[in-house]
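First comes the structure, then the notes that go with it.
The values are calculated or read from the model by the stated rules, or taken from the named source; none is laboratory data. Note that this is a predicted model, so its numbers are computed, not measured. So basically every Cβ, Gly included, is an ideal-geometry build from the backbone, and we count neighbours across all protein chains shown. Just so you know, the surface numbers come from the protein's heavy atoms only, side chains and all, with ligands and any DNA or RNA stripped out. Shrake-Rupley method; radii C 1.70, N 1.55, O 1.52, S 1.80 Å.
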Amino acid sequence: MTRTLPALALLLATPLIAHAQKVEVTGGKADAADAVVVAPLPAGSSANSVTLPDGLHVPAQATADGKSLVFVLPKLKGGETVTATPTMLNYVKAPPQFKFTAEKDGTTVLSFDGRKVLQYFNLPRDPANHYYTFKPFHNVYDPTKGEALLTNSSAKTDKDGQFPHHRGLFFGFNRISYGEKQTADVWHGTSGVFSQHDKMLATEAGEVFGKHVSQISWHGKDGATFATEERAVTAYAAKGGTLIDWSTTLSTTLAKVRLDGDPQHAGFHFRANQEVSKNGKENTYYLRPDGKGKVGETRNWEPKAKEPNPKTIDLPWNACSFVTGGKRYTVLRINHPDNPKETRGSERDYGRFGDYFEYDLTADKPLKLKYRVWVQEGEMTVEQCAALAEGFVHPPVVK
């Protein structure tokens, strides 16, 4: 979690080895908790923390290219300017770190201080186990102990459980068309269609964040690649929950790839643990910009409606609160305004929610997306969700 270091820790972390140029951090329009700050790091400089005006230190992590310093401020008021001094501390004992681990099952797990945060389901596609391996995605663990799996994982067949094609944090489309009447359903993996993790392009893991960038290929019924994705997923050390940035760039070399679908089977979605499908009507509710919904109540964009519900279109954020393992969790999904419009929202009482849009992918017009996901134990308020969304859309300004 994000920490300022107490006096004893400061003693253990001395002496101060170096100071870099100070930076001024100005908050956005709203008060923010766990504000992610990306500051420029002068060439040749190094730092593993920033010193605040009150003398306390906040952990910091340099990006792999050495050009930026990333840290998370526990609190930053809207419009407030805070001076932070990049500092190199000589720790007697290294602080908690993010770490990537290759698991025995072939997946990759990101942990923080030994606590599981994310699982990247990046197994290569196996034709003999098609429904188990036909798409990569991310599972999310509980943000307190890292023991409970909050998301629905893969199944050996698409008949196992309820709606097993909805998995973790996932992106895809069920109505894709290209070339001479070729079609593909990457969401369900029908007719041998699949997307596959090809390789890791980069990984970074330190005290403040863990990030990986992967190359994912999309394959049609004939097995040929019709699009390629570069997906980046970052988890930050944040107090009280798990903060995830998810982004991707989908490109093609073809003349045009039409991306289309329906609200339930296209776009970027979160799917809760399979247990939620059994108790959803009794425990699951949605928190939206216009307030808290009733338990079991859902909103969905309806294509056949004369006038689709405007409250399902271009939502800036949406949150789902559900119970699994005897505990309540809330997941907030924030849609960046730079993403394509019109977005059409979908909610289900078993904890699957997200939105989709239509897009014509061409060689000179790749699809670029970015979302933020916040996961915490317990409930949230509209005000808390709105503040986190504001912090993503209008991050702190640094100079």
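Filtering region 40-66 down to residues that are surrounded by fewer than 22 Cβ atoms within 10 Å (Cβ to Cβ) and aliphatic (A, V, I, L, M), which residue is modelled with the lowest pLDDT?
Among those residues, the one meeting the criterion is 43.
Which condition from (1) open to solvent by 10 Å² or more (accessible area, probe 1.4 Å); (2) touching a residue at least 24 places away in the same chain (Cβ under 8 Å); (3) in contact with an Asp or Glu (Cβ under 6 Å, 6 or more places away or on another chain); (4) closer than 30 Å to residue 62 by Cβ is the one that residue 215 breaks?
The number of the failed condition is (2).
Does region 253-264 hold any residues that are assigned to a loop (DSSP other than H, G, I, E, B), open to solvent by 20 Å² or more (accessible area, probe 1.4 Å) and over 14 Å from residue 165 (Cβ atoms), and which are they?
253, 254, 255, 256
With respect to residue 118, determine if the residue is in contact with a Gly (Cβ under 7 Å, 6 or more places away or on another chain), in a strand (DSSP E or B) and within 30 Å of residue 49 (Cβ to Cβ).
no
What are the pairs with Cβ atoms under 6 angstrom where one residue, in region 178-193, is without any contact (Cβ under 8 Å) to a residue 12 or more places away in the chain and the other, located anywhere, is assigned to a helix (DSSP H, G or I)? Sequence gap at least six, or different chains.
From region 178-193, no pairs qualify.
Hey, could you check region 303-320 for residues that are in contact with a Phe, Trp or Tyr (Cβ under 8 Å, 6 or more places away or on another chain) and either of a type in the set (S, T, N, Q) or open to solvent by less than 30 Å² (accessible area, probe 1.4 Å) (or both) and say which is nearest to residue 262 (Cα to Cα)?
312
Return the only residue of 223, 267 being on the phi > 0 side of the Ramachandran plot, surrounded by 16 or more Cβ atoms within 10 Å (Cβ to Cβ) and modelled with pLDDT of 95 or more.
267
Return only the number of the condition from (1) open to solvent by 30 Å² or more (accessible area, probe 1.4 Å); (2) part of a loop (DSSP other than H, G, I, E, B); (3) in contact (Cβ under 8 Å) with a residue 40 or more places away in the chain; (4) farther than 26 Å from residue 333 by Cβ that residue 95 does not satisfy.
(1) is the only condition that residue 95 fails.
With region 321-399 as the region, which strands (runs of 3 or more DSSP E) entirely inside it contain at least 3 residues that are of a type outside the set (Gly, Ala, Ser) and open to solvent by 20 Å² or more (accessible area, probe 1.4 Å)?
The qualifying strands (runs of 3 or more DSSP E) are 367-377.
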